[in-house]
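The values are calculated or read from the model by the stated rules, or taken from the named source; none is laboratory data. Every value quoted in this text rests on a predicted model; they were computed, and no experiment measured them. Ideal geometry is used to build each Cβ from the backbone, glycine not excepted, and the neighbour counts take in all protein chains shown. Just the protein is used for accessible areas: all its heavy atoms, side chains included, with ligands, DNA and RNA removed. Shrake-Rupley method; radii C 1.70, N 1.55, O 1.52, S 1.80 Å.
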Amino acid sequence: PQLANLLEVNGIEVIYNHVILVLKGVSLNVPEGRIVALLGGNGAGKTTTLRAVSNLLRGERGEVTKGMIQLRGERIENLSPADLVQRGVVQVMEGRHCFAHLTIEENLLTGGYTLKNKGDISANLDKVYSYFPRLKTRRTSQAAYTSGGEQQMCAIGRALMTSPRMVLLDEPSMGLAPRIVEEVFDIVRDLNQKEKVTFLLAEQNTNMALKYADYGYIMESGRIVMDGSATDLASNEDVKEFYLGVG
Ligand code: ATP
C-alpha cells in the first residue's frame, strides 16, 4: 500500500530578486513517516526548495512564481513560517544558527516559545535531552563555546521543541567530522523511528544521506534530474560516478 504524502511539491518555480530563475519546475513528494533526501552539489537549489516549503524565501527576496505546495492536501504557499510551525513543519537552517551568546538550554527554550501549553516545554526539553545526551551535558555552556556537532544538535533540538511532524533539515553534515555526522544522522533515524518525525533533508554528502534516507531526489541547476529509493540510487552507476564520494 502506498503511504499518504505529507508534503507534495508540484512544478514550483522560484525567482530571486524578480529576475534570477533558480528553481525551474521542481516536483517532489514526502510520504508521512519517511526520510527523504534532496541531493546535489553546491548551488543546485536544495536550500531554495526547503525555503520555498517553509516560506522563508521572502527575506531572501525570493518568491514562488509557479506551481503549488501542499501539506496533507492543503495549499501552504501563503502560510507564514509561524503558521507552518503550528501545522508541525519546521526548518533547521544551514549553518546551524544557534544564538551564540545564549546557553544551549536557553537556545532550546527559544524553540519552545510558540507552544501554547507551557507544560509541554519542559516535557519537550526532557525529550530533546533524551535524544541528545550531549546537549544535556552542555546545557549551561554558551553555544559559542560548544563544538560544531553540538551546535548542529542544538539547532535540531530547538526545532524539536516545537513538537514537529516534519523537519526540513538543511545540510546537517556541513563542516562536521564524519564520526559526528554519523552521530547526528543516527539521532535523525531514531527520531524518525521512535517519534515518527518525517524528514526532508538537503545534503551534499550523498553517501551519508543515502545510508539513512528511504528515498532520494537529485537536483542539478534548479531541476530534479533523478529520483529513486535510496538503495536504487546508491547502486546506480551514474550516481556512483557523479555523486558518491562527494562531500
Ligand atoms: P548550497 O548547498 O550551497 O546551499 P543549494 O543546492 O542549497 O546549494 P541554493 O542555495 O538553493 O542551492 O542556491 C541555488 C541558486 O540560487 C544558486 O545559484 C544561488 O547562487 C542562487 N541564490 C541563492 N540564494 C539567493 C538569493 N538570496 N538571491 C539570489 N540568488 C540566490
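Would segment 177-190 turn up any residue that is modelled with pLDDT of 95 or more and not in a helix (DSSP H, G or I)?
Among the residues of segment 177-190, not one is modelled with pLDDT of 95 or more and not in a helix (DSSP H, G or I), which makes the answer no.
Against the conditions (1) surrounded by 14 or more Cβ atoms within 10 Å (Cβ to Cβ); (2) over 18 Å from Val184 (Cα atoms), where does Lys118 fall short? Just the number, please.
(1)
Identify, please: which residue in segment 1-32 is touching a Ser or Thr at 6+ places or on another chain (Cβ under 7 Å) and of a type in the set (Asp, Glu) and is, among those, nearest to Tyr215 (Cα to Cα)?
Taking the candidates together, the pick is Glu32.
Within segment 32-46, is even one residue open to solvent by 30 Å² or more (accessible area, probe 1.4 Å) and among the β-branched types (Val, Ile, Thr)?
Scanning segment 32-46, I find no residue that is open to solvent by 30 Å² or more (accessible area, probe 1.4 Å) and among the β-branched types (Val, Ile, Thr), so the answer is no.
Of all residues in segment 120-166, count the ones that are among the hydrophobic types (A, V, I, L, M, F, W, C) and not in a helix (DSSP H, G or I). Please lay out each step first, then the result.
First, the residues of segment 120-166 that are among the hydrophobic types (A, V, I, L, M, F, W, C): 121, 123, 125, 128, 132, 135, 143-144, 153-156, 159-161, 166.
Now narrow it down to the ones that are not in a helix (DSSP H, G or I): 132, 161, 166.
So the answer is 3.
Across segment 144-170, what is the total count of residues that are buried (at least 21 other Cβ atoms within 10 Å of the Cβ) and under 17 Å from Leu7 (Cα atoms)?
6
Could you please find all residues in segment 49-75 being within 12 Å of the chain's Cα centre (by Cα) and among the polar types (S, T, N, Q)?
Answer for segment 49-75, where residues must be within 12 Å of the chain's Cα centre (by Cα) and among the polar types (S, T, N, Q): Thr49, Ser54.
Can you tell me which residues in segment 89-120 are under 13 Å from Met161 (Cβ atoms) and either at pLDDT 90 or above or in contact with a Phe, Trp or Tyr (Cβ under 7 Å, 6 or more places away or on another chain) (or both)?
Val90, Val92, Ile104, Glu105, Glu106, Asn107, Leu108, Leu109, Thr110
Given the conditions (1) modelled with pLDDT under 95; (2) closer than 19 Å to Gly33 by Cα, which single one is not true for Ala230?
That leaves (1) as the condition not met.
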